[in-house]
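The values are calculated or read from the model by the stated rules, or taken from the named source; none is laboratory data. None of the values given here were measured: they were computed from a predicted structure. Backbone-built Cβ (ideal geometry, glycine too); neighbour counts: all protein chains shown. Each accessible area value is taken on the protein alone, full model and side chains, heavy atoms only, with ligands, DNA and RNA left out. Shrake-Rupley method; radii C 1.70, N 1.55, O 1.52, S 1.80 Å.
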Amino acid sequence: TFETVALNMLLKERITYFQSLYSNLKFQTQVQTLSLSTQKDSMQRVIDNLLSNACKYNRPNGTVTITLSDHELIIADTGYGIKNVD
């Protein structure tokens, strides 16, 4: 079932969770207020997957950058990336 979700607040909650798991990483955020109609549990799973990957595949003492602006969500990290993507 769809509901109105404050994406900025959901991101803040999930970032706090991942910060507690990955205290060696730095988290930078630039998040605008945005509400959308979605399935909250499904959206949380997507966000958790992206944050989890950004943390797991990052460099030691790396940075995870989360940007939400102009209806665009970007989660980036300072990891080495994937080589030979076809």
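Some points to look at:
- Residue in region 11-25 that is under 17 Å from D70 (Cα atoms) and over 10 Å from the mean Cα position of the chain (by Cα) present: no
- If you go through region 51-72 and keep only what is open to solvent by less than 60 Å² (accessible area, probe 1.4 Å) and either assigned to a strand (DSSP E or B) or of a type in the set (G, A, S) (or both), you end up with S52, A54, G62, T63, V64, T65, I66, T67, L68, S69.
- When the residues of region 73-86 are filtered to those that are under 13 Å from the mean Cα position of the chain (by Cα) and surrounded by fewer than 15 Cβ atoms within 10 Å (Cβ to Cβ), the one that is nearest to S23 (Cα to Cα) is A76.
- Per-region count, region 1-48, residues of a type in the set (F, W, Y) and over 30 Å from P60 (Cβ atoms): 1
- Number of the exception - T65 against (1) in contact with a Leu (Cβ under 8 Å, 6 or more places away or on another chain); (2) of a type outside the set (D, E, K, R); (3) at pLDDT 95 or above: (1)
- Residue that is most open to solvent (accessible area, probe 1.4 Å), among those in region 19-45 that are in a helix (DSSP H, G or I) and in contact (Cβ under 8 Å) with a residue 24 or more places away in the chain: L21
- Search result, residues across region 1-15 that are open to solvent by less than 80 Å² (accessible area, probe 1.4 Å) and not in a strand (DSSP E or B): L7, N8, L10, L11, R14, I15
- Region 68-80 residues that are over 21 Å from T33 (Cβ atoms), paired with ones that are loosely packed, with under 10 Cβ neighbours inside 10 Å (beta carbon under 6 Å, 6 or more apart): none
- For the condition assigned to a helix (DSSP H, G or I), in contact (Cβ under 8 Å) with a residue 24 or more places away in the chain and of a type in the set (D, E), D48 qualifies.
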